[in-house]
Amino acid sequence: LPKKATFLVEGLEEIEPAFASFDGTMYAGMMPFESYPDRQGELMFWIYLSAEESDSLILWLNGGPGCSSFNGGLMMENSPVTVPPHPAGYCCSGPHESLQPNPYGWAHKTNVLYVE
């Protein structure tokens, strides 16, 4: 298995300034899994480790079809960085729309793992 450092997310604030508002640590990547009988695959994950001491972990799994954990919870609902809010019925963010800090993001107080 890969080492933990392989998944460390660094320098994201240079690409998307809103990430500078998160004081914790982020890891992301593909998590291998095996299941019975003889099935293998990978799940994409992103974990925010809170800067505050926390022994708790929230596992975020959105239901589908049509709503992913990344598109829903991670980018629009409860992560420390989200897309800007839009009025009800608005479909999609523009291609050059910047993310914004989310002061109410759960990862400011506890660890949050998003799995796709």
| note | Taking a probe of 1.4 Å and leaving out DNA, RNA and ligands, the chain shows per residue an accessible area in Å² of 68
| message | So the label point goes 7 Å from the Cα of GLU42 along Cα→C-beta, right? Which residues of segment 82-116 then have their backbone N under 18 Å from it? | response | 114-116
| note | Once Lys and Arg are counted +1 and Asp and Glu -1 for all other residues with Cβ under 13 Å from that of SER69, the total becomes -2
| request: Of the listed values (1) 40, 18, 11; (2) 24, 16, 11; (3) 24, 19, 14, grab the one calculated as semi-axes √(5λ) of the Cα gyration tensor in Å from the structure here. | output: (3)
| Charged-residue dipole, Cβ positions (Lys, Arg, Asp, Glu), the chain about Cα centre, Debye nearest 20 | 200
| In nm, to one decimal, how far is the SER98 label point from the GLU13 one, both placed 7 Å along Cα→Cβ? | 1.4
| query | How high is the relative contact order of the chain, given as a whole-number percent (alpha carbon pairs under 8 Å, six or more residues apart)? | reply | 31
| Carbon-plus-sulfur fraction of the accessible area of the chain, 1.4 Å probe, in percent? | 57
| Which FRET efficiency value, to the nearest 0.05, do you get for GLU53 and THR6 by plugging their Cβ-Cβ distance into 1/(1 + (r/R0)^6) with R0 = 22 Å? | 0.35
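The values are calculated or read from the model by the stated rules, or taken from the named source; none is laboratory data. Since the model is a prediction, treat every value here as computed from it, not as a measurement. Cβ sites come from the backbone with ideal geometry, for glycine too, and all protein chains shown count toward neighbours. In case anyone asks, the SASA skips ligands and DNA or RNA and just uses the protein heavy atoms, side chains included. Shrake-Rupley method; radii C 1.70, N 1.55, O 1.52, S 1.80 Å.
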